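Taking it in order: structure first as structure tokens, then the write-up.
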């Protein structure tokens, strides 16, 4: 039967302490490699964080656009002033018994002549 005698004095000797330190350093280096470069490590964390910030920017622009569309819908549902504004600006409609006067600048006149 083999008997191993480990004592503090024997473990504290140079060879075993150097071996323990070497194994501990290898373990720490392996752990740190996984932390920095492994799957779901620091590099991936920073990449995903950047992608999340970009997506939040896109989402905020879409929220702003949706809020604008919602306010236009409410204006159209609540009264005819919104419909009238769209008809006048986009389609050039005028009311009955109304006179339409268009003032053309010199630049617009030149463009029309070309």
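Any read-out appearing in this document is the output of simple, stated calculations on the displayed coordinates, not a laboratory observation. Remember, predicted model here, so these are calculated numbers, not experimental data. Positions of Cβ are generated from backbone atoms using ideal geometry, with glycine treated the same way; all protein chains shown enter the neighbour counts.
So here's what we get for this one:
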quantity	calculated
Cα-projected label distance for residue 98 with residue 71, points at 7 Å along beta-carbon direction, nm	2.3
Nearest-0.05 FRET efficiency for residue 58 and residue 83, computed from C-beta distance (R0 30 Å)	0.40
Packing-based order for 94-106, 68-80, using average beta carbon neighbours within 10 Å, highest first	68-80, 94-106
Binned Cα-Cα distance frequencies in the stretch 40-114 - 5 Å width, integer %	3, 11, 10, 11, 10, 9, 10, 10, 7, 6, 5, 4, 3, 1, 0
